[in-house]
Structure formats: structure tokens, C-alpha cells
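Since the structure comes first, as C-alpha cells, the remarks are kept for the end.
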Amino acid sequence: MKAFRLDELEAERAANDGAYLQFLRERNMSVGLYSLDAGQSDPQQPHRQDEVYFVVSGRASITVGEETTTVANGSVVYVPAGVPHKFHHITEPLKVMVVFSPPEA
């Protein structure tokens, strides 16, 4: 079993001065914590893997392909591989759990 605490993951992510921390990598998936401050722009490019975002905290909009929706605590968004997507209009600091399948390269 592998178990993680969000506060410890966030501390590790912040200590490494990055928006993203991959904390689990297995044969069929990887999982990370992604964090963006209010007003920050999202530099993501399309990924080669399917993704699932689970919003842990914060508030923003996300555009996936041609569709846009608002997300907040508890929101779950699926992004198919290769589809352009970005968080934007981040009004509260955003913390998102990201699951990639297969694992992020």
C-alpha cells in the first residue's frame, strides 16, 4: 500500500519550486499534484495520455478542446489524450490531483 497526505505533498511541491509534483508512478498510471495561484496562467500543452483532474481546492475555468466549464472543490474533469486544455480565470488558488493513464512520459 502507498498512502499520501495532501499537506505533505503540497509542502514537497512548494519546496521544489514547481507547479507540478508527480508523487506516484505505476505501470498503468501516474498521479501528481498541480497547483496554480489566482491570476496565474496555465502553461500546459496537450499530453499523450488520458488525464483525470480532481479539484482539491480553488476555483477556475477550464477549457478542453472547444468546451469550457467552471471548476471548484470536488470537480472532476476528464481530458482525452492529445486534446488542448488549459485552466484560466483562476480566482482562488487552485490545487488539482492529476491522474495520467498510461503514466506521464
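Does Gln40 satisfy the criteria of being surrounded by 14 or more Cβ atoms within 10 Å (Cβ to Cβ) and assigned to a loop (DSSP other than H, G, I, E, B)?
Judged against the criteria, Gln40 is a match.
Is there any pair linking a residue in region 70-91 that is charged (D, E, K, R) to one that is surrounded by 17 or more Cβ atoms within 10 Å (Cβ to Cβ) and assigned to a strand (DSSP E or B), with Cβ under 8 Å and at least six apart or on different chains, and which?
Pairs that qualify, where the first residue is charged (D, E, K, R) and the partner is surrounded by 17 or more Cβ atoms within 10 Å (Cβ to Cβ) and assigned to a strand (DSSP E or B), are Lys86/Ile62.
Against the condition touching a Leu at 6+ places or on another chain (Cβ under 7 Å) and charged (D, E, K, R), how does Glu67 come out, does it pass?
On the way: touching a Leu at 6+ places or on another chain (Cβ under 7 Å): no; charged (D, E, K, R): yes.
Here the answer is no, as Glu67 does not meet what is asked.
Looking only at region 83-93, decide whether some residue is in contact with a Phe, Trp or Tyr (Cβ under 8 Å, 6 or more places away or on another chain), in a strand (DSSP E or B) and surrounded by 13 or more Cβ atoms within 10 Å (Cβ to Cβ).
No; the residues of region 83-93 include none that is in contact with a Phe, Trp or Tyr (Cβ under 8 Å, 6 or more places away or on another chain), in a strand (DSSP E or B) and surrounded by 13 or more Cβ atoms within 10 Å (Cβ to Cβ).
Considering only region 65-82, state which residues are under 18 Å from Gly32 (Cβ atoms) and not in a loop (DSSP other than H, G, I, E, B).
Answer for region 65-82, where residues must be under 18 Å from Gly32 (Cβ atoms) and not in a loop (DSSP other than H, G, I, E, B): Val71, Val76, Val77, Tyr78, Val79.
Only the coordinates and a few stated rules stand behind these numbers; no lab work does. These figures come from a predicted structure and were not determined experimentally. All Cβ positions, glycine included, derive from the backbone under ideal geometry; neighbour counts span all protein chains shown.
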